[in-house]
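This report concerns only the one structure given below.
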Amino acid sequence: MLTARGWWFVSTAMVIGILGVVRLGWWSATIPLLGLTLLILFFLEWLRFAIQYRSTTPALRVSRQLIQAGCESPAVWANIPVHVRVEITATSGYTLPLVVVDDIPALDRTEDSPAARTAGPLGPDTPLLLEYVTQFEQPGLLRFEGIQLRLSDRCGFFYRRLVVRDAREWLILPTLVSAEGTPTGIKRLNSMPPPGGHRHRRAGTGSELLDLRDYRPGDPPKTIAWRASARRDKLITREFESEVPVRCTLFIDATTANRRATAGGIPLARMAQVAAAVAQAAMANRDLVGVTVYDEEATISERPGRTHSHLIRLLRLLAETAGRLPALPGDDPVKLGQIAFPLAQRIYPELLESYCNARPLGLFWLPVADSRLFWVVVMLMAWPFLAVQPAVLELLARFAQQLSEPGRSWQILLLFLVLPGWLAAMFWLIHGIRGWFASRRRATSQRKQLAALFTVLDAEPPLQIERYLNDDRAWMERCRQFLELHRFRAELDPRTQPLPGNPSLTVVEILARALWQTAARAQDNELYVLLADLSEQVDALTPVLNAIRFARARHHQLIVLAVEPVPPIPANKSRSPRLRYLELLQEWRYRELARRFERLQSLLVKAGVTLIPLNSRDAVPAVLNRLDRIRGIQVRR
Amino acid sequence: MSADDSKTEYAILRLITSWLPDSPLARQYLLAGIAIQFILAVALVQAGGSYSLMIPALGTLGLIFRWRAMPVITLILFVFFQLFPDGDPYLKTPSDIPGSHFRMIDLLLCGLIATSIYCHYNSLSLSLQAIPDDPLPEPGFPGSRMKRSGKNNLPDSIVRPSSNTFEREFLEIVAMLALALFLAQLAWYGLTHLVVDFQAFPLLRWMSEGIRSNKVATVWPAGLSPPMHRMMIFAAAILAGGFTCWFAFWYWRLSQLPRLTALMIVNDVAWKEHRREMQRQERWRAWASGGTLSPSLASEVREWLQWLLWLVLVILIAILVGVGAALFRTSIYGI
């Protein structure tokens with residue numbers, strides 16, 4: 001590929017060369033000689049660059065390391081600087097004089113990635129090193145697709161761009177120690193609580209006296225209360241309280257609505273951060289913590305535990321949960337293609353080149369038979385067959401006689417017979433060539449190239465290309481898979497956030513079922529923390545409220561950390577009526593959600609449950625305080 | 001010497017050298033380019049024509065101020081002053097083709113011009129811009145909100161990093177230049193001594209002295225003029241060289257195709273061969289399985305109406321243009 005500099009140089013040299021050879025050599029032989037010298041120099045430069053490029057690029061290798069706290073790690077922590085180190089080596093070939101390396105940033109990260117770029121010569125003895133420091137604010141999944149290389153010669157005449165794919169994924173774990181999870185005060189009791197124990201008023205094997213009762217055969221002699229037995233003149237047995245560990249189960253709402261970025265961040269990532277902070281702080285106190293993640297389709301549970309490996313498992317689960325992507329818009333095949341094509345161009349540029357992924361002209365022709373308007377053509381074409389009927393022909397001839405001068409009616413009659421056919425032909429032609437015009441042509445071209453790419457990636461036969469071209473549902477499904485694999489985050493315009501609709505019964509029922517099952521399985525009173533967006537479901541919350549009442553009846557405690565509605569971005573005096581209309585809709589959306597949030601608060605208060613906004617700084621301390629209360633000690637946070 | 005004196009000296013030094021680029025390699029190319037411009041000035045004075053001193057003067061300014069267009073302007077000016085040494089287009093010099101091979105002055109001028117252009121381009125790559133800017137990503141992709149800077153609202157340009165390889169690079173340029181000069185002289189010799197003969201094989205033969213001295217086109221082989229002979233040989237040489245290189249690199253690329261690209265080529269060829277049959281089959285299958293999301297009848301009719309509107313508009317414009325032309329003709333010629 002020639003650069004602008006190369007084009008100017010070769011064009012000038014070519015003009016001088018041709019003019020010199022053909023005409024100007026007549027006056028001065030220096031001119032053709034100069035033209036020929038420049039052209040040969042240019043050719044030699046190209047030859048050298050082409051040989052360097054062809055011999056070096058197949059032997060390129062990329063190795064990537066993410067270094068945190070001085071060592072390479074398979075997972076990284078959020079909010080802690082990460083040192084990204086990418087080494088590009090050419091195992092054979094010549095030295096390329098100039099290679100510019102750009103890291104392809106992870107597509108789903110909302111943080112502004114730093115300009116990760118390096119430039120220099122690249123050869124067998126001169127590897128290139130790309131290093132930069134970045135920091136990820138949100139937990140989730142991190143995927144690097146590879147690197148983009150731009151190669152040039154020394155003078156800047158030639159230029160090539162290629163992508164070395166090296167897809168690798170890392171988990172971004174929620175921060176290990178959170179500031180909001182750390183106690184800011186001093187413990188009133190200067191003693192560590194027993195390992196995770198709290199008093200449970202049920203007969204057990206603890207040390208605190210619960211009650212006295214008559215002796216039953218089989219009771220151990222050491223539990224006999226001798227003094228009480230002497231007073232009552234019968235054997236009396238001491239019953240002790242049960243000492244059980246404090247258990248906390250976190251319910252995380254991973255439904256699609258919580259995966260979208262809002263003005264207050266991504267709610268699901270915030271939930272994962274809060275859950276991680278709670279889990280770490282509780283486990284530091286040797287309490288047991290479990291997590292239940294639910295969405296529209298399934299529920300994943302991690303039973304309460306307090307070991308170190310359990311904490312790692314929880315953090316992995318939370319990172320994977322935070323990394324879930326919002327659903328892609330799925331009802332328009334053209335729009336999905338428009339999203340997927342630039343992504344494919346960025347990651348698979350060489351597979352979209354015309355020499356291996358062709359778009360013949362016939363591909364763009366729109367057959368009229370595929371349209372409902374085909375019947376118009378059929379009727380127009382059928383007209384002559386109808387018109388040759390004697391009765392119709394006679395009628396037409398009479399009509400033509402009235403319209404024209406005597407003796408020339410055959411012309412009108414011929415027109416009656418031929419015109420429909422001509423119209424049908426024009427209809428067929430115009431319908432067909434519409435596919436060759438800009439927007440439709442681009443959409444068809446993108447779809448074919450992507451279809452071929454998907455077919456190759458899946459190692460499918462060529463028939464699959466036609467399937468993707470003709471079957472819209474199969475096409476959309478594959479596009480969605482492609483975008484999800486490469487972690488494309490579809491963000492909505494803040495002005496077009498979906499309006500609060502009808503509550504989703506599925507989500508409510510899934511949460512209620514999870515709560516019922518957990519409460520029913522529990523052996524002693526536990527703390528349940530619901531991290532959820534319940535504002536939309538407030539009108540259908542009965543199943544959840546029933547489950548909450550059941551849990552409360554079994555002496556479990558509940559806290560709801562709910563996603564609070566975020567006010568819309570202030571309008572910036574937009575004069576466009578459409579934008580103003582959208583802004584008004586968003587204002588209405590916010591008011592409606594705020595109203596529902598208040599209603600949710602009142603419903604939960606009636607059910608005896610505390611509601612705290614998820615984005616509040618009190619969210620984590622409130623949960624830890626409740627755990628402390630259950631445990632029986634007070635810590636000021 | 002006091003500290004103030006050294007500061008002043010440093011400031012003066014900085015002022016003097018402020019036009020030099022930061023990269024050491026670029027500075028070396030720049031200074032080499034300026035030196036070559038001086039030698040070129042001497043050579044042009046020797047070759048005659050004082051107006052042509054404008055070329056090294058402008059070339060030096062272009063190097064110092066890093067003007068991107070200066071190499072091309074230098075070439076055009078050089079050609080102009082070669083044709084008209086006194087700057088007067090009406091004063092023509094006689095042909096020097098017969099004795100134009102392997103002359104020292106030609107070698108010197110061509111070599112100096114080509115080296116100065118190479119130095120200029122290398123200096124630009126090292127100090128201004130080495131590689132074109134990539135277009136910004138599509139909206140919605142990371143980097144699409146990249147801040148642009150500079151007066152041209154462009155991202156920061158990429159320059160070639162400096163290294164300590166000036167001697168080696170310069171030697172390579174000189175070696176390549178010597179080869180190019182030699183090949184150019186050979187090519188020019190061939191162009192002026194070969195003629196196209198459609199009756200001979202391989203269509204070329206050496207020109208005899210008798211033909212060369214006779215400048216009447218009719219007695220030249222194939223009845224063509226000498227420039228046409230040179231043009232045909234030149235075009236044929238470029239085509240033959242281009243095809244050979246294309247074929248060699250095509251085969252090289254084929255021999256080292258990556259797996260995915262090879263699979264893509266095979267799939268694409270198979271698709272192109274059978275797409276009509278496959279299309280028929282898949283269209284019916286998609287229709288039967290409900291996979292086709294047909295546009296609504298209303299949207300189809302709407303689109304058709306838009307097309308008809310455009311068609312009517314085009315016809316109306318054509319009629320208006322026709323009527324306007326007729327009226328114009330009537331007003332001018334009265335017919």
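Determine if the stretch A:333-355 includes at least one residue that is in contact with a Lys or Arg (Cβ under 7 Å, 6 or more places away or on another chain) and in a loop (DSSP other than H, G, I, E, B).
Scanning the stretch A:333-355 turns up no residue that is in contact with a Lys or Arg (Cβ under 7 Å, 6 or more places away or on another chain) and in a loop (DSSP other than H, G, I, E, B).
I need the full set of residues from the stretch B:174-199 which are among the small types (G, A, S) and surrounded by 21 or more Cβ atoms within 10 Å (Cβ to Cβ), in order please. Spell out the reasoning first.
Start the filter on the stretch B:174-199 by keeping residues that are among the small types (G, A, S), which leaves B:175, B:178, B:180, B:184, B:187, B:190.
B:A180, B:A184, B:A187 - these are the residues of the stretch B:174-199 that are among the small types (G, A, S) and surrounded by 21 or more Cβ atoms within 10 Å (Cβ to Cβ).
Could you tell me which of the residues A:F43, A:F49 is facing another protein chain (nearest Cβ under 8 Å) and surrounded by 17 or more Cβ atoms within 10 Å (Cβ to Cβ)?
Details: A:F49 fails: facing another protein chain (nearest Cβ under 8 Å).
Result of the check over A:F43, A:F49: A:F43.
Just one of (1) within 17 Å of A:V620 (Cα to Cα); (2) small (G, A, S); (3) touching a Lys or Arg at 6+ places or on another chain (Cβ under 6 Å) trips up A:A282, so point out which.
(3)
Scanning the stretch A:412-454 for residues that are facing chain B (nearest Cβ under 10 Å) and basic (K, R), which turns out farthest from A:L352 (Cα to Cα)?
My answer is A:R434.
Restricting attention to the stretch A:393-444, which residues are in a helix (DSSP H, G or I) and among the acidic types (D, E)?
Taking the stretch A:393-444 and keeping what is in a helix (DSSP H, G or I), we get A:393-403, A:409-436, A:438-444.
Within the stretch A:393-444, A:E394 is the sole residue that qualifies.
For A:A69, all conditions in the list (1) among the hydrophobic types (A, V, I, L, M, F, W, C); (2) at pLDDT below 85; (3) surrounded by 17 or more Cβ atoms within 10 Å (Cβ to Cβ) hold save one; what is the number of the exception?
(3)
Could you please find all residues in the stretch A:341-379 being hydroxyl-bearing (S, T, Y) and over 26 Å from A:R54 (Cα atoms)? Before you say what the answer is, go through the steps one by one.
So the first thing to find is which residues in the stretch A:341-379 are hydroxyl-bearing (S, T, Y), and the list is A:348, A:354-355, A:371.
A:S371 - this is the single residue of the stretch A:341-379 that is hydroxyl-bearing (S, T, Y) and over 26 Å from A:R54 (Cα atoms).
Please find, among B:R276, B:R283, the residue that is basic (K, R) and either within 7 Å of another protein chain (Cβ to nearest Cβ) or within 30 Å of B:L186 (Cα to Cα) (or both).
Exactly one of B:R276, B:R283 is basic (K, R) and either within 7 Å of another protein chain (Cβ to nearest Cβ) or within 30 Å of B:L186 (Cα to Cα) (or both), namely B:R283.
I'd like to verify a number: residues in the stretch A:455-482 that are open to solvent by less than 30 Å² (accessible area, probe 1.4 Å) and away from chain B (no Cβ under 11 Å), how many?
Count: 3.
Please verify whether the stretch A:564-577 includes one or more residues that are open to solvent by less than 50 Å² (accessible area, probe 1.4 Å) and modelled with pLDDT of 80 or more.
yes
How many of the residues in the stretch A:525-557 are of a type outside the set (S, T, N, Q), open to solvent by 10 Å² or more (accessible area, probe 1.4 Å) and in a helix (DSSP H, G or I)?
Adding up the residues that qualify gives 8.
What single numbered condition from (1) within 14 Å of another protein chain (Cβ to nearest Cβ); (2) surrounded by fewer than 18 Cβ atoms within 10 Å (Cβ to Cβ) fails to hold for A:I80?
(1)
For the stretch A:256-267, state whether one or more residues are β-branched (V, I, T), farther than 22 Å from A:W77 by Cα and in a strand (DSSP E or B).
First pass over the stretch A:256-267, keeping only residues β-branched (V, I, T): A:256, A:262, A:266.
When the remaining residues are screened for being farther than 22 Å from A:W77 by Cα, the result is A:256, A:262.
Still in the list and also in a strand (DSSP E or B): A:262.
The answer is yes; a qualifying residue exists.
Of all residues being of a type in the set (A, V, I, L, M, F, W, C) and surrounded by 15 or more Cβ atoms within 10 Å (Cβ to Cβ) in the stretch B:258-286, which is farthest from A:N470 (Cα to Cα)? Just the residue, please. Steps first, please.
At the first step, the residues of the stretch B:258-286 found to be of a type in the set (A, V, I, L, M, F, W, C) are B:260, B:262-266, B:269-271, B:278, B:284, B:286.
So of that shortlist, the ones also surrounded by 15 or more Cβ atoms within 10 Å (Cβ to Cβ) come out as B:260, B:263-265, B:270-271, B:278, B:286.
Details: B:L260: 24, B:L263: 22, B:M264: 20, B:I265: 21, B:A270: 18, B:W271: 14, B:M278: 10, B:A286: 6 Å.
In this case the residue turns out to be B:L260.
Looking for something more than 30 Å from B:V301 (Cβ to Cβ) and either in contact with a Ser or Thr (Cβ under 8 Å, 6 or more places away or on another chain) or surrounded by fewer than 15 Cβ atoms within 10 Å (Cβ to Cβ) (or both) - is there at least one such residue anywhere in the stretch A:333-349?
The answer is yes, given that some residue of the stretch A:333-349 is more than 30 Å from B:V301 (Cβ to Cβ) and either in contact with a Ser or Thr (Cβ under 8 Å, 6 or more places away or on another chain) or surrounded by fewer than 15 Cβ atoms within 10 Å (Cβ to Cβ) (or both).
Any idea which of (1) more than 9 Å from every other protein chain (Cβ to nearest Cβ); (2) over 27 Å from B:L107 (Cβ atoms); (3) among the aliphatic types (A, V, I, L, M) is the one A:V10 doesn't satisfy?
Here A:V10 meets the rest and fails (2).
Among the numbered criteria (1) outside any strand (DSSP E or B); (2) more than 7 Å from chain B (Cβ to nearest Cβ); (3) in contact with an Asp or Glu (Cβ under 9 Å, 6 or more places away or on another chain), which single criterion is violated by A:V86?
The failed condition is (1).
How many residues are at the interface with chain A (Cβ under 9 Å from one of its Cβ atoms), of a type outside the set (S, T, Y) and assigned to a helix (DSSP H, G or I) if we restrict to the stretch B:243-273?
17
Within the stretch B:159-171, how many residues turn out to be part of a helix (DSSP H, G or I) and more than 9 Å from chain A (Cβ to nearest Cβ)?
Residues of the stretch B:159-171 part of a helix (DSSP H, G or I): B:166-171.
Now restrict to residues that are more than 9 Å from chain A (Cβ to nearest Cβ): B:166-168, B:170-171.
Number of matching residues: 5.
One line per residue, one yes/no per condition, for (1) over 17 Å from A:P326 (Cβ atoms); (2) outside the structural domain of A:V289 (by TED's automatic domain parsing); (3) modelled with pLDDT of 85 or more; (4) under 22 Å from the mean Cα position of the chain (by Cα):
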| site | (1), (2), (3), (4) |
| --- | --- |
| A:L469 | yes, yes, yes, no |
| A:R478 | yes, yes, yes, yes |
| A:F550 | yes, no, yes, no |
| A:H556 | yes, no, yes, no |
| A:I559 | yes, no, yes, no |
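For the condition open to solvent by 50 Å² or more (accessible area, probe 1.4 Å) and within 14 Å of chain B (Cβ to nearest Cβ), what is the one hit in A:V388, A:V376? So that I can check it myself, show each step before the final result.
Numbers: A:V388 fails: within 14 Å of chain B (Cβ to nearest Cβ).
Going through A:V388, A:V376 in turn, just one is open to solvent by 50 Å² or more (accessible area, probe 1.4 Å) and within 14 Å of chain B (Cβ to nearest Cβ): A:V376.
Can you list residue pairs whose Cβ atoms sit under 8 Å apart, with the first residue in the stretch A:279-303 being touching a residue at least 60 places away in the same chain (Cβ under 8 Å) and in the same structural domain as A:D533 (by TED's automatic domain parsing) and the second being basic (K, R) and in a helix (DSSP H, G or I)? Count only pairs 6 or more apart in sequence or on different chains.
A:N285/A:R631; A:D287/A:R631; A:T299/A:R513
Within the stretch A:596-632, track down each residue that is touching a Leu at 6+ places or on another chain (Cβ under 8 Å) and of a type in the set (S, T, N, Q).
A:Q601, A:T610
Of all residues in the stretch A:3-35, which are in contact (Cβ under 8 Å) with a residue 12 or more places away in the chain and part of a loop (DSSP other than H, G, I, E, B)?
Correct list: A:T3 only.
The values are calculated or read from the model by the stated rules, or taken from the named source; none is laboratory data. Computed from a predicted structure; not experimentally measured. Counting neighbours? That spans all protein chains shown, and the Cβs are built from the backbone with ideal geometry, glycine included. Accessible surface is based on the protein model in full, side chains and every heavy atom, while ligands, DNA and RNA are left aside. Shrake-Rupley method; radii C 1.70, N 1.55, O 1.52, S 1.80 Å.
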